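The next block holds one structure in the form of structure tokens; read it before the comments.
The numbers here are math on the coordinates, done by the rules we state, and not lab data. The structure presented is a predicted model; accordingly, all values stated were derived computationally and were not measured. Reconstructed Cβ throughout: ideal geometry from the backbone, glycine too, with neighbour counts over all protein chains shown.
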Amino acid sequence: MRKTKSIQYILPLLLIFSLIISCEQAFIGPDPENTPENNFNSMWNVIDERYSYFELKGIDWDSIYDEYSIRIHKELNDQGLFNVLADMLFELHDGHVNLTSDFNRSRNWEWFQNYPNNFNQKIIDHHYLGKDYFVTGPFHNQIIDSVLYVQYSSFSSNYSDKNLDELMERAHGLKGVIIDVRNNGGGKFQNAYKLAACFTNQSTVYANERTKIGTEGDDFSPWVELRVNPRNGKQFKGNVVVLCNRKSYSATTFFAQMMKHIPNATLIGDQTGGGGGVPAFFELPNGWFYRFSVTQTITPHGQHIENGVPADIKVMLDKTDESKGIDTIIEAALNMLTE
């Protein structure tokens, strides 16, 4: 440990089964003085104790301290301090890591950069949804060749049980359902869970999770099974295809992992962007907030999903098809469900 800790932070109470974070205020010692050095050391120490992916990512956090601490001095203004702290957080290569001040918010978009988009909203709007598509809560949906196509753009968008009932009723008797979560950057885990529960008729273990709880590198809670259980309401028992790409992140990665273990579901497209660690929120002495991953999630076979969930059938958006207004990935899903 580099410095004696004197920090104030938000301590998350992770509810493992639902992955819903609630927070309470925790105090260690007196409030530290608001100086660039204290803010830097506060952040470095908390991440040192609680970040869950140092080993998986091969990150030497001590060397990162050496690299960034020399940029800290007492005359550093707020913008300069923000830049140093944001640059240090970037070293975690984690889309669940942010620093939020009253003038800016840092973020890391590495999880989808340098990958094909595999997505064209204009083509979807014009050739697949059309002008007469249904808007069922946040679900834009259209029946195409006896298949219900559903686009869900963000798991941050809430929906009601009535919305799900309407979708399941519309899908009844059709050849299949396509759930398009490409470019869905995540949101609320519970929205992912409730949607997946519409398509399973039995309780299914889809992952295991543990939380970083101590100061040493291997101080984790025991692994806990994560299950998706059948919805208590209308369901669709036929075949389902989930469309995903590298911009399918966080809660969308969890949704893909759930669906991957439902027997009548298939993932088509590209690997998801990842985001398998649940973030917790902490506060610096100067009042800025930051977050980072404090859990690990693995498949039932032991593979981490932090870097994404592979598609069952990899299909890329063909440029020639795209120029003709055709979505190669949607067509692959339609062919699979209607053949």
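Per-residue 3J(HN,Hα) values for the stretch 217-233, derived from phi via the Karplus relation 6.51 cos²θ - 1.76 cosθ + 1.60 with θ = phi - 60°, read x, 9, 7, 10, 5, x, 5, 10, 5, 10, 10, 10, 10, x, 5, 8, x Hz in sequence order (x marks Gly and Pro). Model label points for Arg71 and Val224, set 7 angstrom from Cα along the Cα-to-Cβ axis, are 3.6 nm apart.
Packing-based ranking of 327-336, 275-284 yields 275-284, 327-336, ordered from highest to lowest mean Cβ neighbour count within 10 Å.
By the gyration tensor of its Cα atoms, with a ≥ b ≥ c the square roots of the eigenvalues, what is the shape of the stretch 215-259: rounded for a/c under 1.5, prolate for a/b over b/c, or oblate? Here the stretch 215-259 falls in the oblate category.
Indicate the gyration tensor shape class of the stretch 239-279 (rounded, prolate or oblate), computed on the Cα atoms with a ≥ b ≥ c the square roots of the eigenvalues: a/c under 1.5 is rounded; otherwise a/b larger than b/c is prolate and the rest oblate. Note, shape of the stretch 239-279 comes out oblate. Each stretch of four or more DSSP H residues adds -39500 (n - 2.57); spread over every residue of the chain, this sum gives -7500 deg cm²/dmol at 222 nm.
In order along the stretch 268-274, the Karplus-derived 3J(HN,Hα) couplings, from 6.51 cos²θ - 1.76 cosθ + 1.60 at θ = phi - 60°, round to 10, x, 10, 4, 5, x, x Hz, and Gly and Pro are given as x. Summarising the label geometry, the points placed 7 Å from Cα in the beta-carbon direction at Met316 and Ser63 lie 3.2 nm from one another. Summary of packing: across the peptides 157-168, 214-225, 39-50, the per-residue average of other C-beta atoms within 10 Å ranks them, highest first, as 39-50, 157-168, 214-225.
Shape verdict for the stretch 163-239, please, from the Cα gyration tensor: rounded (a/c under 1.5), prolate (a/b greater than b/c) or oblate. It is prolate, given that a/c is not under 1.5 and a/b is the larger ratio. Projecting label points 7 angstrom from Cα along Cα→Cβ for Asp31 and Asn232 puts them 4.5 nm apart. For the set Lys162/Lys324; Lys162/Lys212; Lys188/Lys237; Lys131/Lys194; Lys237/Lys314; Lys122/Lys194, the pairs lying more than 30 angstrom apart at their alpha carbons are Lys162/Lys324; Lys162/Lys212. Once you reduce the stretch 196-265 and the stretch 29-81 to the center of their Cα atoms, the two points are 34 Å from each other.
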